[in-house]
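Notes follow once the structure below has been shown.
The values are calculated or read from the model by the stated rules, or taken from the named source; none is laboratory data. From a predicted model like this one, the values you see are computed outputs, not experimental measurements. We place every Cβ from the backbone using ideal geometry, glycine too, and count neighbours over all the protein chains shown.
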Amino acid sequence: MMVAESLYSQLTEAGVDVMLDDRDERPGVKFKDSELVGFPIRIGIGDRSLANGEIEVKPRGGELSKVKVEDAVKHVLDWIKSQ
C-alpha cells in the first residue's frame with residue numbers, strides 16, 4: 001500500500017486527478033469498475049509486479065506496460081502530455 005500511496009501523492013502534487021481504489025475486492029472487479037467509469041489510465045500494483053520492482057500501467061484501449069516503480073510517475077506524465 002505504501003507504493004500506491006506514494007504514487008497517489010506524487011501524481012496529485014503534479015496536478016493529476018487520481019483515484020486510489022483500496023477496496024477489499026479482487027483485481028478483476030476493480031479493473032471492470034475502472035472501465036465502467038472510463039478512467040483514461042489504470043495503474044495496477046500487485047505483489048508479483050512489485051517483486052520485480054515494477055507496476056503495470058494500462059491506458060484505456062491501449063497496451064499494458066510494465067514500468068519500474070521509480071519511473072512510474074514520469075511514464076504517466078509523459079503519457080498525459082502525449083494525449
Inset, instruction - Would you check which residues across the stretch 17-31 are in contact with a Lys or Arg (Cβ under 9 Å, 6 or more places away or on another chain) and either assigned to a loop (DSSP other than H, G, I, E, B) or within 14 Å of Glu5 (Cα to Cα) (or both) and list them? - result: Asp21, Arg23
Inset, instruction - Looking only at the stretch 9-32, count how many residues are surrounded by 12 or more Cβ atoms within 10 Å (Cβ to Cβ), touching a helix residue (DSSP H, G or I) at 6+ places or on another chain (Cβ under 9 Å) and of a type in the set (A, V, I, L, M, F, W, C). - result: 5
Inset, instruction - Go through the stretch 33-82 residue by residue and tally those that are modelled with pLDDT of 95 or more, outside any strand (DSSP E or B) and of a type in the set (Lys, Arg). - result: 2
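For Ala14, indicate whether it is among the hydrophobic types (A, V, I, L, M, F, W, C) and more than 13 Å from the chain's Cα centre (by Cα).
Taking the combined requirement at face value, the residue satisfies it.
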